[in-house]
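Novice: Handing you this structure, nothing more for now.
Read the figures in this text as sums done on the coordinates, not as results from a lab. Just so we're clear, the structure is a prediction, and the values are computed from it rather than from any experiment. Heads up, the Cβs are rebuilt from the backbone with ideal geometry, glycines too, and the neighbour counts pull from every protein chain shown.
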Amino acid sequence: MRRRQFVAGAVTLAASHSLTHPSIAGPNKVLTFVPTTAPPTYDPLFSPAQASRTLGLMLYETLYTRDSALNPHPHMVEGHTIEDGGKRWTMKLRPDQWFHDGTPVLARDCVASVRRWMKRDQIGGFIESRLDALEAPDDRTLVWRLKKPFPFLAAALAKTQPTCPIMPERLCKDPYKMAPECVGSGPFRWVADEFVSSVRLVMAKWDRYVPRQEKVDYGWGGYRVNVDRVEWRIIPDASTAANALATGEVDWVENPLPDLLPMLRKAPGVTVKRIDTHGVFPVLRPNFIAGPTMNVVVRRAMLAAIHQEDEMTAVMGEDREGAHSPVGFFLPGTESASEVGMEALRTRKSPDAIKAMLKDGGYNGEKIVMLHPTDPSSYDALCQVAEGAFQKVGLNVEVQTMDWGTLTQRRENKGPLDKGGWSLFPSGFPAVDFGNPVLAAGIRTNGKDAWIGWPENTKIEALRDAWIDSDNAAERKRLTDDIQRECFDYVPFIPLGQYINAGAWRSNITGQLKGPAPVFWNVEKA
């Protein structure tokens, strides 16, 4: 079944003008890229959006990165030593690293950046809770002194959403304010005077960037840039973007809508392929401090009403290769994948049974405010299916539509529903982070310090801590099963499946590396 019907047609003259507007600098090799959405922020710590993550990977380096198999490796650091029973890590920066403002990368910049990240990120906050001190005894050395061993430190510093972006110390003073400038040390630099909000972003090759010597393997190894610059063109209409690719006006469309893939596969000079290895883990996130979703029975009823197969069909249409269901609270095929409780997703309860569950649980038709973004299109489709499923079982859902940028501001509201509060919103985690409890931010239930929604469940938190502290594979498996069992009972979020979009680009673009987010090193334009 098709998710939507699209009106075929040529790109309008106005749209064409915006796409073909010449570059000011006019370098030899310009790669034009169409992201799925415009980045809601240009500081990767202030938005979990895919576009902010991808932009951050271009501009900012991280102390560690991951290869295509997701193993962490030193990146800005040459390596590390671990002493004192795992409680002391000493990291040494590799030489000849430069920020885009021309200043050298120093250990104190890294310390300030890490401290900023620890205030903004779930796993960063957990590390901070175990930290005695983080120091820079000289310009190239970082010393971590931990209260308790944390063997996943390198893996945590290598995560991609949000990354732990290293920037000059002067930009890290207040972790609760976005950096006023885009200054990193990555292989691309931000071209501020060519930025046009919601239209175009320009990143140029950073001439002082010195790659590592290892052969590149996604995020690990030497980042060699083979184009002069990358221009992001913001094209909200999917058909316009696909037509622009087919006619050669742009080079690369990140995630064309699945219904447009047949047309692109037939277009001369266009390649359609999956380079995303893990895709998106979409969820519905309830509010745990206001409204009917505070009632665990309401959350369980919502979980029972959702059919992941329907959700994935809505998003992926006929492109079934990229859709996976059912998916529990950990990703299938990973070390923490569990069968515990999965019958709740495989067995369809009747609407009458769910209505009875709600009645017995004390739900009396109170209003549930669901925030429905009309962009990205995947969230729009997911919400449409979920809303129909909820209404069918007697949930009084009030749908409030808005764009994604507005939703990201609205969901911060902790007030009651009649004061601008909310009950439920969709989101998409990088599926790559749900392979174990360490990076899976959605299962954190540490109350006010949890991700938006603010769930509090001391049992899940204790199980997660035990998993982190265990070095026994069998015990970790048991703990993972226990975490998933408790998640099915408590419902910190409602899993909707997993989808992996295909990308499309002109056939003269080669060298894309497979991984959980698009990267622009190693890419060539003939």
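Novice: Check which residues have an amide H placed less than 5 Å from Thr32's amide H, if you skip close sequence neighbours.
Specialist: When sequence neighbours closer than 5 places are left aside, the close amide H contacts are Glu231, Asp251, Trp252.
Novice: Rounded to the nearest 5, what is the percent of antiparallel bridges among the DSSP beta bridges in the chain?
Specialist: So the antiparallel bridges in the chain amount to around 80 percent.
Novice: Residue by residue, what Karplus-based ³J(HN,Hα) values in Hz, rounded to whole numbers, does the range 116-129 have, using 6.51, -1.76 and 1.60 with θ = phi - 60° and x for Gly and Pro?
Specialist: Using θ = phi - 60°, the values come out as 4, 4, 5, 7, 10, 10, 4, 5, x, x, 5, 4, 4, 5 Hz.
Novice: Residue by residue, what Karplus-based ³J(HN,Hα) values in Hz, rounded to whole numbers, does the range 370-379 have, using 6.51, -1.76 and 1.60 with θ = phi - 60° and x for Gly and Pro?
Specialist: Running phi through 6.51 cos²θ - 1.76 cosθ + 1.60 with θ = phi - 60° gives 9, 7, 10, x, 8, 9, x, 4, 5, 5 Hz.
Novice: Ranking Trp505, Trp404 by Cβ neighbours within 10 Å, fewest first, what do you get?
Specialist: Going from sparsest to densest Cβ surroundings: Trp404, Trp505.
Novice: Listing Thr408, Thr41 from the residue with the fewest other Cβ atoms within 10 Å to the one with the most, what is the order?
Specialist: Ranked by crowding around the Cβ, least crowded first: Thr41, Thr408.
Novice: Alpha carbon centre of the range 242-316 versus the range 422-501: separation in Å?
Specialist: 21 Å
Novice: Now for a separate question. Taking 8 Å as the Cα distance limit and 6 or more residues as the minimum spacing, I'd like the relative contact order of the chain as a percentage. Kindly include the intermediate steps, with their values, before the conclusion.
Specialist: Details: 1095 pairs, mean separation 104.8, N = 526.
Once normalised by length, the contact order is 20 percent.
Novice: Name the residues whose placed amide hydrogens come within less than 5 Å of the amide hydrogen of Glu61, ignoring near sequence neighbours (fewer than 5 apart) on the same chain.
Specialist: Ile166, Ser185, Gly186
Novice: By how many nm would the segment from Lys266 to Lys414 grow when fully extended, if each residue of separation counts as 0.36 nm and the alpha-carbon distance is taken off?
Specialist: 48.4 nm
Novice: Check Leu131: other-chain or 5+ apart residues with amide H under 5 Å from its amide H, H built from backbone geometry?
Specialist: Lys147
Novice: Quick one: what are the phi-derived ³J(HN,Hα) couplings along the range 298-313, Karplus 6.51/-1.76/1.60 with θ = phi - 60°, whole Hz, x for glycine and proline?
Specialist: Listing the rounded values in order: 5, 5, 5, 5, 4, 4, 5, 6, 7, 10, 4, 4, 5, 5, 5, 5 Hz.
Novice: Something else: How much FRET efficiency would the formula 1/(1 + (r/R0)^6) give for His80 and Arg348, where r is the Cβ-Cβ distance and R0 is 41 Å, rounded to 0.05? Can you show the working numbers first?
Specialist: Working: r = 50 Å, r/R0 = 1.22.
In this case the efficiency is close to 0.25.
Novice: Still on this structure, please answer the following. Rounded, prolate or oblate: which fits the range 280-499, taking a ≥ b ≥ c as square roots of the Cα gyration tensor eigenvalues, rounded meaning a/c under 1.5, else prolate when a/b beats b/c? Walk me through the intermediate numbers first.
Specialist: Numbers: a/c = 1.43, a/b = 1.29, b/c = 1.10.
Rounded, because the longest to shortest axis ratio a/c is under 1.5.
Novice: By the scheme Lys and Arg +1, Asp and Glu -1, what is the net charge of all other residues having a beta-carbon under 15 Å from that of Leu345?
Specialist: Residues near Leu345 contribute 0 overall.
Novice: Would you order Ile82, Ile275 from fewest to most other beta-carbon atoms within 10 Å of each residue's own beta-carbon?
Specialist: Values: Ile82 15, Ile275 19.
With the sparsest Cβ surroundings first, the list reads Ile82, Ile275.
Novice: While we're here: How far apart, in nm, are the 7 Å Cα→Cβ label points at Thr103 and Glu135?
Specialist: Distance between label points: 2.3 nm.
Novice: For the chain, what is the calculated [θ] at 222 nm in deg cm²/dmol (nearest 500), taking -39500 (n - 2.57) for each run of four or more DSSP H residues and dividing by its residue count?
Specialist: Rounded to the nearest 500, it is -8000 deg cm²/dmol.
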